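One structure is given here, and the rest of the page talks about it.
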Amino acid sequence: MSSKPRAIRGMNDILPGVSGTWRYLESVVQEIVHSYGYSEIRLPLLEQTELFKRSIGEVTDIVEKEMYTFPDRNGESLTLRPEATAGMVRAGMTNGLFHNQKQKLWTSGPMFRYEKPQQGRYRQFYQFDVEAVGYDGPDVDAELIIMSARMWRRLGISKIALEINSLGAPEARSSYREALVEYFSGVKNQLDEDSIRRLGQNPLRILDSKNPDMQAIVDAAPVMLDYLDEESRDHFEGLKVLLDAAGVTYTVNPRLVRGLDYYSRTVFEWVTDALGSQGAVCSGGRYDGLVEKLGGRATPAIGWAMGIERLVALYEACGGESPATDADIYIAAVGEGTLERAFALAEELRDSIAGVRVESNLGGGSFKSQMKRADKSGAEFALILGEQELADGCIGIKPLRSTDEQESVALNELAVTLAQKLR
Ligand code: ATP
Ligand code: MG
């Protein structure tokens, strides 16, 4: 390579300084889903292309134009996962996790979609994903939403609102589909190219159109809620009762159809207007037909996925701060035999003070240059170990962020003294 290597468009490096916030948010989200009894599952990034075609649906943005698909060296068509649900269901089936048992699972990691990169929309992006398989709800639907509401509360995220809808059972959806075809056919001359194509293949997706010129036509279309079958209606009412009781506010958005084919009944989205046009932060829905469609026994299921980039951006937009990553202690060692002792002390401190961040001076240098680095590290205290200190069995503690005097303590009292100071 003669010129400098470049990054792939839409694929970001998450740099130090930013990664601290990511790790903090991920740890809070993990802690919360664990507190509801969800267990982690780790999945491959690659699956057979066929899996995504069958589960997400052929006439969807993802399958039509967003997948990274390639033949491997044996000529088998593989795809980098564009979302996690399909792989999760595949893994459950492969490993017999759904046989006479229910599963509450979470996973997280990068997803890949060939989209037009812009703020909040990337080609490699990260999702945190939860799925409850084997539960027919609406209790589990409500609990999944209540769980996400807890995350916003815990993280101080306020600029977010919940929208819910029901897509009904497949039969009800097909009569709704007919009504849509009839309606959109009547206004066909006003439809854009994408919508005309969808009219024949997947008319529900017209409702998902992001074209502003289509909004008025979409707004006047028949709504699914008028076509709901009785069971789905009861299910939806049941969900609303539980959300009301839990104090989770929502609006019913009859236009919310979600971009994937496998959804049925409950769908929902947490949206924000604080991030420009990429407003969906956490989206989910019920997919009762998917396991059966992939060749398993009929199994109800529901899940949601949250975009981590958008979570990070929203957290910051709501005034959330990144956790401190500065060192607590910087150890400067100058003179014969001091480095060995300084290393040993650093290990002792890490053993005895939980979570303490100790930076040992690396690369030698004069006392002055080591102290400069200590200051730059952001450390609260510098420890100063010279030949004299070594001989006397003591060490200097110099406060770097206050005007307090430097003091000298015996080496065997160092850990206790520092633990007190850092409290
Ligand atoms: P959008 O309407 O923004 O395209 P979507 O309906 O395609 O979202 P899902 O497939 O439901 O999104 O994915 C779940 C979540 O993943 C979204 O709510 C969003 O936070 C995030 N997400 C989806 N696509 C991207 C992307 N290209 N870049 C960053 N985050 C994304
Ligand atoms: Mg999308």
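The values are calculated or read from the model by the stated rules, or taken from the named source; none is laboratory data. Note that the structure is a prediction, hence the values are computed from the model and not measured. Reconstructed Cβ throughout: ideal geometry from the backbone, glycine too, with neighbour counts over all protein chains shown. Calculation scope for accessible area: heavy atoms of the full protein, side chains included, ligands and nucleic acids excluded. Shrake-Rupley method; radii C 1.70, N 1.55, O 1.52, S 1.80 Å.
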Look through I8, I32, I41 and report the one residue that is more than 26 Å from S209 (Cβ to Cβ) and not assigned by TED's automatic domain parsing to the domain that holds G303. I8
Within the range 154-213, how many residues are in contact with a strand residue (DSSP E or B) (Cβ under 8 Å, 6 or more places away or on another chain) and of a type in the set (A, V, I, L, M, F, W, C)? 6
Can you confirm whether S55 is within 16 Å of ligand 1 (Cβ to nearest atom), open to solvent by less than 50 Å² (accessible area, probe 1.4 Å) and of a type in the set (G, A, S)? yes
Of the residues in the range 45-60, those that are in contact with a Lys or Arg (Cβ under 8 Å, 6 or more places away or on another chain) and within 17 Å of M111 (Cβ to Cβ) number 7
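Kindly indicate whether any position in the range 216-223 is away from ligand 2 (no atom under 16 Å from the Cβ) and within 20 Å of E58 (Cβ to Cβ).
Start the filter on the range 216-223 by keeping residues that are away from ligand 2 (no atom under 16 Å from the Cβ), which leaves 216-223.
Pick out the ones that are also within 20 Å of E58 (Cβ to Cβ) and you get none.
Taking every residue of the range 216-223 in turn, none turns out to be away from ligand 2 (no atom under 16 Å from the Cβ) and within 20 Å of E58 (Cβ to Cβ).
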Filter the range 333-362 down to residues that are open to solvent by less than 80 Å² (accessible area, probe 1.4 Å) and assigned to a loop (DSSP other than H, G, I, E, B), then give me how many there are. 6
Of the numbered conditions (1) of a type outside the set (A, V, I, L, M); (2) within 9 Å of ligand 1 (Cβ to nearest atom); (3) touching a helix residue (DSSP H, G or I) at 6+ places or on another chain (Cβ under 9 Å); (4) open to solvent by 20 Å² or more (accessible area, probe 1.4 Å), D129 satisfies every one except a single condition; which is it? (4)
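Inside the range 57-104, can you point out the residues that are within 21 Å of E131 (Cα to Cα), within 16 Å of ligand 2 (Cβ to nearest atom) and at pLDDT 95 or above? Spell out how you get there, then give the answer.
First, pick out the residues of the range 57-104 that are within 21 Å of E131 (Cα to Cα): 57, 62, 80-104.
Within this subset, residues satisfying the condition of being within 16 Å of ligand 2 (Cβ to nearest atom) are 57, 62, 80-86.
The answer is L80, R81, P82, E83, A84, T85, A86.
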Of those in the range 6-37 that are in contact with a strand residue (DSSP E or B) (Cβ under 6 Å, 6 or more places away or on another chain) and over 27 Å from T79 (Cα atoms), the residue most open to solvent (accessible area, probe 1.4 Å) is G37
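I want to confirm something. Restricting to the range 187-246 and keeping residues that are among the hydrophobic types (A, V, I, L, M, F, W, C) and within 16 Å of ligand 1 (Cβ to nearest atom), which single residue is nearest to G137 (Cα to Cα)?
Narrowing the range 187-246 to residues among the hydrophobic types (A, V, I, L, M, F, W, C): 187, 191, 196, 199, 204, 206-207, 214, 216-218, 220-221, 223-225, 228, 236, 239, 241-243, 245-246.
Narrowing further to those that are within 16 Å of ligand 1 (Cβ to nearest atom): 204, 206-207, 214, 218.
Details: L204: 24, I206: 28, L207: 26, M214: 35, V218: 30 Å.
Step by step, filter the range 187-246, then rank; the result is L204.
Could you check, for the range 387-396, whether at least one of its residues is of a type in the set (V, I, T) and outside any helix (DSSP H, G or I)? Step through it out loud before you land on a result.
Of the range 387-396, the ones of a type in the set (V, I, T) are 395.
When the remaining residues are screened for being outside any helix (DSSP H, G or I), the result is 395.
Yes - at least one qualifying residue is present in the range 387-396.
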Would you be able to say whether some residue in the range 78-85 is within 15 Å of T107 (Cβ to Cβ) and of a type in the set (S, T, N, Q)? yes
